[in-house]
């Protein structure tokens, strides 16, 4: 028994060292991935930036030559004010003045982007009171949104993932792990079609200046909550039924975010993903008292029942079968003979 426990302790120490090395490799890989992205973005975008700068300088010089009564300083002052107003979502263009940024539908769209942490940045609070309220509104609203999304995703997961996989596993007799992987792939294809491909086609038709790639880019940037703000639908001066269009986009963003979380949660519940995550976790020796504490084993919105199942496996590892089997078991023949 002592050899078993000491062997188990040695194995746990070795696993702890492996986990530390895996964690260091993970950090290094992430840093290299950041550097790789920076190099690619710089190499691809820097020539376009330089070309745009040269074009703007040429247009400015041409404008000053055509209008000699306008000085360079006065033009610079006007452009600075125009750019500052544009950063707050107010444009000096005549065609853009018909759209308001803070009517009810636009404000509702802004509130949804704040609470979902998408934050396009095309419209921002102008007043000090609006900035202060945005802080308080976000402090309360973002955790509230996470709580709501957690509850919604867990209820959807029960009917779209767990029950279908269990039913097909019993019906066809296939491996539950394989069935879960196939189901996750099929669910990802459905979400990709319903919330990326089809909406991208719709946006490319409704937004006159967007092609399919730009529309698909907007869908991905929005539903991944990146929200760069370079493409925002419903901002064109020629947009018909703008209020209804904005409401539809708000609903699309909420439903799309829920669908994305369902897909991510489905993949996180795969056994392969659980094993991959555990490679980087810090191994801790659990005592008898710690076995009753809920361990945050998942990075996703995992259910309590799945966590309880994982504790059962940890208990089996801590108390092997040869130790547990040594305890007396009751029989159906009455009291044990002395």
*Inspect all residues belonging to segment 115-123 and state whether any of them is in the same structural domain as residue 234 (by TED's automatic domain parsing), without any contact (Cβ under 8 Å) to a residue 60 or more places away in the chain and in a helix (DSSP H, G or I).*
yes
*Return yes or no: is residue 196 assigned by TED's automatic domain parsing to the domain that holds residue 155 and touching a residue at least 12 places away in the same chain (Cβ under 8 Å)?*
yes
*Considering each of 189, 142 in turn, give the residue that is touching a residue at least 12 places away in the same chain (Cβ under 8 Å) and under 27 Å from residue 231 (Cα atoms).*
142
_Odd one out for residue 98, checked against (1) at pLDDT 80 or above; (2) closer than 30 Å to residue 247 by Cβ_ = (1)
*Determine whether segment 290-301 contains at least one residue that is more than 24 Å from residue 149 (Cβ to Cβ), modelled with pLDDT under 85 and assigned to a loop (DSSP other than H, G, I, E, B).*
yes
*Residue count, segment 231-250 (criterion: part of a loop (DSSP other than H, G, I, E, B) and modelled with pLDDT of 85 or more)*: 3
*Just give me the residues in segment 64-75 being without any contact (Cβ under 8 Å) to a residue 12 or more places away in the chain and surrounded by 11 or more Cβ atoms within 10 Å (Cβ to Cβ), in sequence order.*
64, 70, 71
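Confirm whether residue 41 is touching a helix residue (DSSP H, G or I) at 6+ places or on another chain (Cβ under 8 Å) and surrounded by 10 or more Cβ atoms within 10 Å (Cβ to Cβ). Break it down stepwise before answering.
Details: touching a helix residue (DSSP H, G or I) at 6+ places or on another chain (Cβ under 8 Å): no; surrounded by 10 or more Cβ atoms within 10 Å (Cβ to Cβ): yes.
Here the answer is no, as residue 41 does not meet what is asked.
One line per residue, one yes/no per condition, for (1) touching a strand residue (DSSP E or B) at 6+ places or on another chain (Cβ under 8 Å); (2) closer than 20 Å to residue 281 by Cβ; (3) at pLDDT 90 or above:
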| position | (1), (2), (3) |
| --- | --- |
| 2 | no, no, no |
| 6 | no, no, no |
| 12 | no, yes, no |
| 15 | no, yes, no |
| 20 | no, yes, no |
| 39 | no, no, yes |
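The values are calculated or read from the model by the stated rules, or taken from the named source; none is laboratory data. The shown structure was predicted, so the numbers you read here are calculated from the model rather than taken from an experiment. Cβ: placed from backbone, ideal geometry, glycine included. Neighbour counts: every protein chain shown.
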